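One structure below.
The values are calculated or read from the model by the stated rules, or taken from the named source; none is laboratory data. Quantities reported herein were computed from a predicted structural model and do not represent experimental measurements. We place every Cβ from the backbone using ideal geometry, glycine too, and count neighbours over all the protein chains shown.
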Amino acid sequence: MLFDQRGCGRSTPHAELNANTTWHLVDDIERLRQIADVEKWLVFGGSWGSTLALAYAETHPERVSELILRGVYTVTRPEIEWYYQHGVSEIFPEKWDRFQAPIPEAERDDMIAAYRKRLTSDDPSIRLEAARAWSVWEGETITLLPNAKLSNAHADDHFALAFARLENHYFSNGCWLEEGQILRDAFRLHGIKGAIVHGRYDMPCPARYAYQLHKAWPRADFHLIEGAGHAYDEPGILDALIRATDCFAQQV
């Protein structure tokens, strides 16, 4: 079962921020489990989805049979600043210039706040300009090698508006998690089998946090994929995800 989270995909209203927090989504997932009438299920999440999957599993561990995570993101302040303030900017300087372009120099010391101001502007043109820049920055930095198809998808106006507004909304609020909460509460996963799949050169989500999660949750197999970035469909990552999913299916 795959669901569109509040405000994105086919969910309406599009790009809506009200009543849209991590804990609203955790409740949505649990309601879906009840609707599906299953006692336990395998939970699969990548990138922000890994954060949400972990938040759900740590809240309802008795409802999770297995947990597969790709591109682990624990949403600590250093992780957010690495991607949106200083870190990845050193690897992609020309793309960082384009990401900074909508923001006056005086506001660039807090790019999350500067973008939030524009993504929530009353002026649709300001919202859209900021949304495109935010979304394209991610679309152009998540793969090991350039991928024009992915970059173009992130530049689509409808996609970019929801993607940027929701992502910025969550990061502006620390995803409604206490600092370090995901790793702190990893002990709640001790009864859950799992797999962690992470690209060595994942730019948005540094590998150290996936490794820290593995150490805190040793029951999860850890696959650090060489020659891969963040995207789920990079060959080594996709292969490891399919193998993990097949492995758990065979155990049922």
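Going through Ala164, Ala186 one at a time, which residue ends up being in contact with a Phe, Trp or Tyr (Cβ under 6 Å, 6 or more places away or on another chain), assigned by TED's automatic domain parsing to the domain that holds Lys117 and surrounded by 15 or more Cβ atoms within 10 Å (Cβ to Cβ)?
Numbers: Ala186 fails: assigned by TED's automatic domain parsing to the domain that holds Lys117.
Within the list Ala164, Ala186, the selection yields Ala164.
Is it the case that some residue within region 209-228 is surrounded by 15 or more Cβ atoms within 10 Å (Cβ to Cβ), of a type in the set (Asp, Glu) and not assigned by TED's automatic domain parsing to the domain that holds Leu119? Quick ask: steps written out before the conclusion?
Of region 209-228, the ones surrounded by 15 or more Cβ atoms within 10 Å (Cβ to Cβ) are 209-214, 216-217, 220-225, 228.
Still in the list and also of a type in the set (Asp, Glu): 221.
With not assigned by TED's automatic domain parsing to the domain that holds Leu119 added as a condition, the list becomes 221.
Taking every residue of region 209-228 in turn, at least one turns out to be surrounded by 15 or more Cβ atoms within 10 Å (Cβ to Cβ), of a type in the set (Asp, Glu) and not assigned by TED's automatic domain parsing to the domain that holds Leu119.
Consider Ala228 against the criteria (1) over 23 Å from Met1 (Cα atoms); (2) modelled with pLDDT of 95 or more; (3) assigned to a helix (DSSP H, G or I): it satisfies all of them except one. Which criterion is unmet?
(3)
Anything in region 130-160 that is more than 21 Å from Gly199 (Cα to Cα) and buried (at least 23 other Cβ atoms within 10 Å of the Cβ)? List them, or say none. Walk me through it before giving the result.
Filtering region 130-160 down to residues more than 21 Å from Gly199 (Cα to Cα) leaves 130-134, 152-153, 155-160.
Selection gives Ala130, Ala131, Trp134, Ala160.
Just to be sure I understand, how many residues within region 18-39 are more than 17 Å from the chain's Cα centre (by Cα) and either surrounded by fewer than 12 Cβ atoms within 10 Å (Cβ to Cβ) or in a loop (DSSP other than H, G, I, E, B) (or both)?
The number of residues fulfilling the criteria is 9.
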